[in-house]
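The values are calculated or read from the model by the stated rules, or taken from the named source; none is laboratory data. It should be emphasised that the depicted structure is a prediction, and the values quoted were computed from it without experimental measurement. Please note: Cβ atoms are built from the backbone with ideal geometry, for glycine as well, and neighbour counts cover all protein chains shown.
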């Protein structure tokens, strides 16, 4: 759910270039932890307003983490009751399914459509080989990212 939000608020508004967005997304996928840290990268990227560097990163991180933190604080007193409530558990399963669908859509557009289809056949080959390396050959993600990045640098 975060990636479409970040794309809509940065790329579609012209704050961050699409290439910078995709490069940062690729780097964020190579690091452990939530995608929320990608917001810090986008905040640090130069933009038309001149807000960049540490100040932009700090503003972006506060903006992306604050709503979730406030939600957790607000629900904390009800957590024990909700935790074992069958209806709440089913609702959370529905939310999880929705998030998977949104992530699939975000993988397709912009990552696949811009990062693979617009670049051409070499990018598609790199993407397929990276997928096979991760899922079939069980190569560590950091190694796949490094090799795919090197292949992209050489071939693209």
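Listed here are the residues, each with its yes/no results for (1) within 26 Å of residue 154 (Cβ to Cβ); (2) loosely packed, with under 13 Cβ neighbours inside 10 Å.
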| site | (1), (2) |
| --- | --- |
| 55 | no, yes |
| 60 | no, no |
| 65 | no, no |
| 80 | no, yes |
| 89 | no, yes |
| 95 | no, yes |
| 106 | no, no |
| 120 | yes, yes |
| 124 | yes, no |
Within 20 Å of the chain's Cα centre (by Cα), at pLDDT 85 or above and assigned by TED's automatic domain parsing to the domain that holds residue 17: which single residue out of 104, 94 fits that description?
104
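When you scan segment 55-156 for helices (runs of 4 or more DSSP H) that lie fully inside it, which ones turn up with 3 or more residues that are touching a strand residue (DSSP E or B) at 6+ places or on another chain (Cβ under 8 Å) and farther than 25 Å from residue 11 by Cα?
By residue number, no helices (runs of 4 or more DSSP H) qualify.
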For segment 130-141, what are the residues that are closer than 20 Å to residue 108 by Cα, surrounded by 14 or more Cβ atoms within 10 Å (Cβ to Cβ) and free of Cβ contacts under 8 Å to residues at least 12 places away in the same chain?
134
On the given criteria, is residue 15 part of a helix (DSSP H, G or I), within 29 Å of residue 127 (Cα to Cα), out of contact with any helix residue (DSSP H, G or I) (no Cβ under 7 Å at 6 or more places or on another chain) and at pLDDT 85 or above?
no
Does residue 84 satisfy the condition of being surrounded by fewer than 10 Cβ atoms within 10 Å (Cβ to Cβ) and in the same structural domain as residue 30 (by TED's automatic domain parsing)?
yes
